[in-house]
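Following: one structure in structure tokens, then a few remarks.
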Amino acid sequence: MAEPPYARIVAALRERIESGALAPGDRVPSTRQLARQWDVALATATKAMTTLQQLGLVEAVPRVGTVVAAKPGRERRAVEHAGEPSRARILRTAIALADAEGLAAVSMRAVAAKLDVATMTLYRYVESKDALVALMVDAVYGEISYPTPWPDGWRERFEVAARHQWQLYVRHPWLPHVGTLGRPLPSRNLTKMSEYMLSAVERYDLGSETAMYLQAGLYTFVRGVAVNLESEALAAAETGLTQDEWMTTQERGFDELVNSGEFPAFARVINGFGPEGFDFLLENAFEFGLRAYLDGLAGVIERPDGRLVDQPDQAS
């Protein structure tokens with residue numbers, strides 16, 4: 001009988017690890033890379049990666065990816081608290097998997113494999129993958145610890161909420177990709193962040209619609225910047241290039257744009273950075289945007305009439 005495709009992948013990577021070609025701590029190809037390299041389905045590549053983890057040859061490291069285990073060749077250690085999983089263990093496992101490999105790597109089968117239980121076992125605790133993701137979202141928003149007592153000023157509360165949201169995205173780069181603004185998840189812990197901000201602007205009598213847009217706009221701004229975190233991490237893993245190294249490969253193309261004469265304002269800005277070049281950091285974009293957004297909100301929240309700028313008079 002022919003060896004199944006996933007087993008061939010396992011054998012090839014195992015040989016590289018045991019020969020020393022891949023040393024402890026070295027990053028191994030992602031499941032997407034394996035699927036492309038071996039021309040197999042993503043599910044087949046995922047099964048190969050799961051098998052390597054069960055053998056103790058590789059391990060997932062948050063914000064890094066899957067790497068060669070510190071002691072390759074050992075059999076998988078007994079699962080902590082072996083036996084029936086709890087919902088809390090399922091959530092911890094799913095979140096760790098998403099942190100290490102992205103939300104696309106999370107499935108009921110993959111989580112069950114991490115827990116070394118049958119896939120159907122998970123359905124006793126979580127009804128579907130969508131339900132699992134909703135629980136994951138609520139769990140990570142539960143990591144936020146707000147100052148006690150809550151500060152009175154709207155600006156301080158909005159800034160605290162934005163910074164907590166940003167740090168959640170840094171720890172969990174998959175989080176900005178869940179849901180949409182128009183289809184929010186009924187999360188108790190996410191609603192607590194809304195409560196934290198909305199209760200700070202009640203005194204201004206802005207109206208329900210304006211108040212909701214204020215906090216939703218800030219949430220969307222933070223999410224809009226953070227959605228690049230996972231993409232950048234995946235790009236670094238797939239190309240093996242840091243942001244600086246990648247920009248170096250693009251210098252010729254950008255030089256042509258700058259020197260073309262078609263984009264004079266763009267050229268002046270880029271040339272204004274000097275010999276060190278332009279370095280676009282997401283953290284800086286967040287800080288700049290947060291200050292600008294809060295300054296803009298001040299003109300809305302603190303207006304005497306409590307109306308949005310340029311909002312038409314309802315009586316007209």
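Quick one: which of 110, 104 is assigned by TED's automatic domain parsing to the domain that holds residue 60, closer than 30 Å to residue 55 by Cβ, assigned to a helix (DSSP H, G or I) and modelled with pLDDT under 90?
On the way: 110 fails: modelled with pLDDT under 90.
Unique residue meeting the criteria: 104.
For a quick check of your reading: which helices (runs of 4 or more DSSP H) sit entirely within region 113-208 and have at least 1 residues that are over 29 Å from residue 234 (Cα atoms) and in the same structural domain as residue 223 (by TED's automatic domain parsing)? Step through it out loud before you land on a result.
Numbers: elements: 119-122, 129-141, 154-171, 188-198.
Fully inside region 113-208 and qualifying: 154-171, 188-198.
Take region 249-268 and flag every residue that is surrounded by 10 or more Cβ atoms within 10 Å (Cβ to Cβ) and either touching a strand residue (DSSP E or B) at 6+ places or on another chain (Cβ under 8 Å) or among the aliphatic types (A, V, I, L, M) (or both).
The answer is 257, 258, 267.
Among the residues of region 33-45 satisfying the criterion of being part of a helix (DSSP H, G or I) and modelled with pLDDT of 85 or more, which is nearest to the chain's Cα centre (by Cα)?
Here the answer is 33.
I'd like the residue in region 195-224 that is among the charged types (D, E, K, R) and loosely packed, with under 15 Cβ neighbours inside 10 Å and, out of all such residues, is modelled with the lowest pLDDT. Reasoning before the result, please.
Pass one, region 195-224, residues among the charged types (D, E, K, R): 195, 202-203, 205, 209, 223.
Add one more test, that the residue is loosely packed, with under 15 Cβ neighbours inside 10 Å, and what stays is 195, 202-203, 205, 209.
On the way: 195: 93, 202: 87, 203: 85, 205: 79, 209: 90.
Here the answer is 205.
Taking region 116-159 as the region of interest, how many residues are farther than 22 Å from residue 218 by Cβ, of a type in the set (D, E, K, R) and at pLDDT 90 or above? Before you say what the answer is, go through the steps one by one.
Narrowing region 116-159 to residues farther than 22 Å from residue 218 by Cβ: 116-136, 139.
Next, from what is left, pick out any that are of a type in the set (D, E, K, R): 116, 124, 127, 129-130.
Keeping just the survivors that are at pLDDT 90 or above gives 129-130.
Residues that pass the stated criteria total 2.
The values are calculated or read from the model by the stated rules, or taken from the named source; none is laboratory data. Worth saying up front: this structure is predicted, and the values here are computed from it rather than measured. All Cβ positions, even for glycine, are placed from backbone atoms using ideal geometry, and neighbour counts span all protein chains on display.
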